[in-house]
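Enquirer: Sharing a structure here in structure tokens format.
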Amino acid sequence: MSAPTATRVGPGQGRAFLGVLGRDIAVTGKEFGTFISQVLMQPFFLLFVFGVVLGQLGYVTPGYAQLLLPGLLALNAFFVAVQATAIPLVIDFSYTKEIEDRLLAPLSTRLVAVEKIVFGASRGLFGSLVMIPVGYLVLGNVDWQLSGLPFSALLLVLGSLAGGAAGLVIGTLVSPRKINVVFALVITPLLFTGSTQFPFLQLENLRWFQVICALNPITYISEGLRGALTPSVPHLAWWVCLLALIAACGIFGAIGIQGFVRRALD
Amino acid sequence: MSTQTTTRPSTGDGVDEAAPAVEVADLVKRYGRSTTPAVDGLSFAVRRGEVFGLLGPNGAGKTTTVGILTTRVRKTSGRATVAGIDVAGDPVGARAVLGVVPQRPNLDRSLDARGNLVWHAAYHGVPRAKRQALADELLERMGLLDKATTNPDELSGGQAQRLIIARGLMHAPQVLFLDEPSTGLDPQARLFVHDRVVELAASGVTVVLTTHDMDEAAKLADRVGIVDHGRLLALDSPSGLVAGLPGEATIDLVLTGADVATVQGRIKEVRGVAGVEDRSDELATQLRVRADGEAGAALAPVLGAVADAGATVSQVELGEPTLEDVFIDLTGRGLR
């Protein structure tokens, strides 16, 4: 503490930010088993039933699993991030107030909100990446164009960040009494309108459903990943996906950070 | 953060040392559409190293005031500084020099007791190498070393409160705010917390505490500000506040059999009586007489006056005025 002015006391905000992020990561590390099972259960069964069981019974074509896997990566990136951000915030702000000590860290309140997004996104990204080995194990072989991996990584990062930001919106706007209803009314539709289980462009005969899918950010992760990894499946142009995800990050981020500041300060 | 091996306050290292530890001027806070402000033009200053008490009934605006000073509540107008730092203009700078012990326990239950301290230090940029040793030192001081790996859920109310105080001290704040520090604690835990506050003050940390307990304020605070309806009614040392009351002793009477006003009138005429207060409730007629000089000297003529008015005394108690009397004198009602 040798700074010259009264306002420059204490550590830089960067160190405080890393401290707060470090705490969240350490806590995840302690409950890693729970985290990993929570992350893997749903996509594993989706992949197993739709990719393996229905394939063996002859109800879906053999190529379907290759279409599904990128979608499940997209789904996990977004959902795991939403849950990691939203659920603890709803509880923290309403009951336990456990976040207060972090709100009193020498860190601007907005940056605490950004930390929540970044942490949620890092969980989302992790949840998405572990689907790759699971895919190999369940499907036996995965037919990906490896040159698409860098762009896929970018899409997953953006998709996770959009999920973290959307989680911040839910976490700061929803009261704990309503969180179950919100999850039922928001999460379930998101699950099935993200073009995870089907290619977006082939919905032309179901136009109304295609419009709904266009509003779901997961669509742009799924479609972008297919474009990069399995280009033979019809997919949206890469730049559409990129712009849509950047927009989703911006819109959810702005609303979420504003909501967070409103909840954190009286 | 080079001087962070102990919980000594880090005064002088780049902070305006001449500034009061806490300064509040014409502070106003109005919540939402509420017509009456929670804090209504409050002004006071706390000297460095002082234990300062804000005393007032629930809803007086104490917690709101502390909330503004600790950057969690946004002021409507006025000025609030901690260690010379404007809390609204530079909340991040202010958070580095203040510590908070909130009214409601808010320990991190994803971490054990030591983890709460160590991570708090991390948020505040205490070097990694020093965090563990500092945490153990504070756990020991708070009598919690054997609870280092306990989850906060399993701590008693008193233990949790001590852990929260320890956490507030991990970054060596210059000013520690304690909001109702002993509410809900059993007498033993209360005493322990009181001793720690005294210790802190002795080590040079400025302490600002809020309480609705006059005994706590009288015991711990160098100076007490009495607040009600968001306004400061009086500010002095506890003894100074009590000395400002008319009369040096009190005689409490429980009466039956006569009109209170008549008895009050008769007592007021007695020489050496400085004032008579009606403290009756639904159960009994009660009067508090304030007497100049010793209570014993005024007792006989006061009892005589009661008998003259046709009343019977069923109970007599002699005492000295307390902060509660100051509060009643100022507001006309009791603290609780």
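The values are calculated or read from the model by the stated rules, or taken from the named source; none is laboratory data. Keep in mind that what you see is a predicted model, and the values were worked out from it rather than measured. Note that we place each Cβ from the backbone using ideal geometry, even for glycine, and neighbour counts take in every protein chain shown. Side chains are part of the model used for accessible areas, which takes the heavy atoms of the whole protein and leaves out ligands, DNA and RNA. Shrake-Rupley method; radii C 1.70, N 1.55, O 1.52, S 1.80 Å.
Enquirer: Report the calculated FRET efficiency for A:VAL240 and B:THR76 (r = Cβ-Cβ distance, R0 = 60 Å), to the nearest 0.05.
Expert: It comes to 0.80.
Enquirer: Another question, if that's okay. Mind checking the angle between helix B:187-202 and chain B's longest principal axis? C-alpha axes, 0 to 90 degrees, to the nearest 10.
Expert: The answer is roughly 70 degrees.
Enquirer: Tell me what the protein assembly as shown gives for mean residue ellipticity at 222 nm when only DSSP H runs of n ≥ 4 count, each as -39,500 (n - 2.57), the sum divided by the residue total, rounded to 500 deg cm²/dmol.
Expert: The helix contribution divided over the protein assembly as shown gives -15000 deg cm²/dmol.
Enquirer: How much length would be gained if the chain were fully extended between B:ALA18 and B:GLU269, taking 0.36 nm per residue of separation minus their Cα-Cα distance, in nm to one decimal?
Expert: Length difference between fully extended and current span is 85.2 nm.
Enquirer: For the pair A:SER108 and B:ASP136, what calculated FRET efficiency results from E = 1/(1 + (r/R0)^6), where r is the Cβ-Cβ distance and R0 = 25 Å, to the nearest 0.05?
Expert: 0.20
Enquirer: Nearest 0.05, what FRET efficiency do A:LEU57 and A:ASP143 give at R0 = 25 Å with Cβ-Cβ as r?
Expert: Computed FRET efficiency for A:LEU57 and A:ASP143 comes out at 0.70.
Enquirer: Which residues' amide hydrogens lie under 5 Å from the amide hydrogen of B:VAL224, considering only partners 5 or more residues apart or on another chain, with H built in the peptide plane?
Expert: Residues meeting the criterion, in which the H sits 1.01 Å from N, are B:GLY53, B:ASP236, B:SER237.
Enquirer: Heads up, I need the accessible area for A:TYR220: 1.4 angstrom probe, whole protein in place, Å², nearest 10.
Expert: About 30 Å², ignoring ligands and nucleic acids.
Enquirer: Just want the answer: with Cβ charges of +1 for Lys and Arg and -1 for Asp and Glu, which residue in A:TYR64, A:LEU18, A:VAL169 is farthest toward the dipole's positive end in the protein assembly as shown?
Expert: Result: A:TYR64, furthest along the dipole toward the positive end.
Enquirer: In Å², nearest 100, what accessible area do chains A and B bury in total when the solvent probe is 1.4 Å?
Expert: 3400 Å²
Enquirer: Which positions within the range B:46-90 get 40 Å² or more of their accessible surface covered by the other protein chains, compared to the chain by itself, with a 1.4 angstrom probe?
Expert: Correct list: B:ARG72, B:ARG74, B:ASP90.
Enquirer: Taking every DSSP beta bridge that has both residues in chain B, what percent is antiparallel when rounded to the nearest 5? Mind dumping the intermediate values first?
Expert: Working: 37 of 55 bridges.
Bridges in chain B are about 65 percent antiparallel.
Enquirer: Can you give the accessible area of B:GLU320, probe radius 1.4 Å, in Å² rounded to 10?
Expert: 150 Å²
Enquirer: Give me the one-decimal nm value for the distance between modelled label points at B:ALA148 and A:ALA26, 7 Å along each residue's Cα-to-Cβ direction.
Expert: In this crude spin-label approximation the distance works out to 1.4 nm.
Enquirer: In addition: Excluding same-chain residues fewer than 8 positions from A:LYS97, which lysines have a Cα within less than 20 Å of its Cα?
Expert: Reachable lysines: A:LYS116, A:LYS178, B:LYS62.
Enquirer: Moving on to the next point. Using only Cα atoms, figure out Rg for chain B and give it as a multiple of 2.2 N^0.38 Å.
Expert: Taking N as the residue count of chain B, the ratio is 1.17.
Enquirer: Would you work out if the range B:133-180 is rounded, prolate or oblate? Take a ≥ b ≥ c from the square roots of the eigenvalues of the alpha-carbon gyration tensor; rounded if a/c is under 1.5, else prolate when a/b is larger than b/c, oblate otherwise.
Expert: Verdict is oblate for the range B:133-180.
Enquirer: Just from the alpha-carbon atoms, what are the Rg and Dmax of the range B:246-320 in angstroms?
Expert: 10.9, 32
Enquirer: Quantify how strongly other chains surround peptide A:100-113 by giving the mean number of their Cβ atoms within 10 Å of each of its Cβ atoms.
Expert: Mean number of neighbouring Cβ atoms from other chains: 6.
Enquirer: For the range B:47-202, what ratio Rg/Rh do Cα atoms give with a Kirkwood hydrodynamic radius?
Expert: Value, to two decimals: 0.96.
Enquirer: Let me ask something else. Computing the accessible area with a 1.4 Å probe over protein heavy atoms, can you report the carbon and sulfur percentage for the protein assembly as shown?
Expert: The computed percentage sits at 58.
Enquirer: OK, next. List the residues whose amide H sits under 5 Å from the amide H of B:ALA274, counting only those 5 or more places along or on another chain, with H placed 1.01 Å from N in the peptide plane.
Expert: Those qualifying (amide H under 5 Å, at least 5 residues apart or on another chain) are B:ARG290, B:ALA291, B:ASP292.
Enquirer: Right, next: Normalise the Cα radius of gyration of the range A:133-266 by 2.2 N^0.38 Å (N = residues in it) and let me know the number.
Expert: Working: Rg = 16.6 Å, N = 134, 2.2 N^0.38 = 14.1 Å.
The reported ratio for this selection is 1.18.
Enquirer: While we're on this one: Pulled fully out, how much extra length does the chain show between A:ALA254 and A:TRP208, if you take 0.36 nm times their separation in residues and subtract their Cα-Cα distance?
Expert: Full extension from A:ALA254 to A:TRP208 adds 13.7 nm.
Enquirer: Working out 0.36 nm times the residue gap between B:ASP215 and B:SER43, then minus their Cα-Cα distance, what length gain in nm do you get to one decimal?
Expert: Additional length available on full extension: 59.6 nm.
Enquirer: So how tilted is helix A:64-91 from the main axis of chain A? Cα-based, degrees 0 to 90, rounded to 10.
Expert: Helix A:64-91 sits at roughly 20 degrees to that axis.
Enquirer: Turning to a different aspect of this structure: Over the protein assembly as shown, what lengths in whole Å, largest first, do the semi-axes of the equivalent ellipsoid take, defined as the square roots of 5 times the eigenvalues of the alpha-carbon gyration tensor?
Expert: Semi-axes (√(5λ), whole Å): 63, 26, 21.
Enquirer: Which whole-number value in Å² is the accessible area per residue of the range A:30-264, probe 1.4 Å?
Expert: 43 Å²
Enquirer: Moving on. Distances longer than 23 Å among the Cα atoms of chain A: what percent of all pairs is that?
Expert: Working: 18866 of 35245 pairs.
That tail contains 54 percent of the Cα-Cα pairs.
Enquirer: Within a 10 angstrom radius of each residue's Cβ in A:18-25, how many Cβ atoms of other chains show up on average? Whole number is fine.
Expert: What the average comes to for A:18-25 is 4.
Enquirer: With a 1.4 Å probe and every protein chain left in place, work out the accessible area per residue of chain B in Å², rounded to a whole number.
Expert: I get 41 Å² per residue for this part.
Enquirer: Under 20 Å from a label point 7 Å along Cα→Cβ of B:ARG128: give me every residue in the range B:157-194 with its amide N that close.
Expert: B:171
Enquirer: How far is helix B:128-141 tilted off the main Cα axis of chain B, in degrees rounded to 10, range 0 to 90?
Expert: Between helix and principal axis, roughly 30 degrees.
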